[in-house]
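Working notes, beginning with the structure itself.
The values are calculated or read from the model by the stated rules, or taken from the named source; none is laboratory data. It should be emphasised that the depicted structure is a prediction, and the values quoted were computed from it without experimental measurement. The area values use the complete protein model at the heavy-atom level, side chains included, leaving out ligands, DNA and RNA. Shrake-Rupley method; radii C 1.70, N 1.55, O 1.52, S 1.80 Å.
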Amino acid sequence: MDDHSEIWRQYYQKALDKPHSKRTEFAMKLNESGLSVAIDCGCGTGSDIAFLEQQGHQVYGFDVNPDSISICRDRFGQKALVEISQSAFEDYDYPKAGLVIANFSLFFAEPNQFDQTWHRIIDGIEIGGVFAGDFMGVDDSWAYGYRTSTTPLTKAKVQSLFDAFEVIRFHERDEQALTSLGKMKHWHTYSVVAIKRRST
């Protein structure tokens, strides 16, 4: 097993104890599309999936990491409303949805395919549906030379992704802080919650 796998395994062990994101709850309540279908992009250990399924949503979760998929299949294998897939952003077949969540996951989308991937994600969001997620800024410690590919974006680029949306929250984080595994790093991220208002 390489170091990369071990780091993810430690991360997932910690993540299993975490409740769902309050932002996911906030975004779900904003959904005006009439479609109770959610996609969790980079679903990790499935805390948001568990919450959304309890709220009666059909939930599609995917992650590229096999440990994540194994955990989620154990958690949700008996849940008729949950479908789990092992996939990268670039390969996933996005169903029509009223809510798309990408919590700290689009950092790891392939940079040279990001624009096409983004269009595929938002094309599937119904009018009145919601996107909630995070993007990596150019000053993040992981922006360049990280152990896997990352997609750092300028503030102007992130803003341009939401031309067809009404942006409800836009928060820039730019600070030294710990990771979930207790390592100090520089965080530079943009967190967005937005409602789709027209076709893309």
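Keeping the other protein chains in place, figure out the carbon and sulfur percent of the accessible area of region 112-200, with a 1.4 Å probe.
49
Measuring with a 1.4 Å probe in the full set of protein chains, what accessible area per residue, in whole Å², belongs to region 3-196?
With the other protein chains kept in place, region 3-196 gives 47 Å² per residue.
Using DSSP, restrict attention to beta bridges with both residues in region 47-200 and report what percent are antiparallel, rounded to the nearest 5.
Details: 20 of 32 bridges.
Here the share of antiparallel DSSP bridges comes out near 60 percent.
Just want to confirm a number: the relative contact order over region 65-200, from Cα pairs under 8 angstrom separated by 6+ residues, in percent. If you can, show how the numbers build up before the last one.
Working: 226 pairs, mean separation 33.3, N = 136.
The value is 25 percent.
Over all alpha-carbon pairs of the chain, lay out the pair-distance distribution in 10 Å bins, whole %, shortest bin first.
All Cα pairs, binned at 10 Å, distribute as 9, 37, 39, 15, 1 percent.
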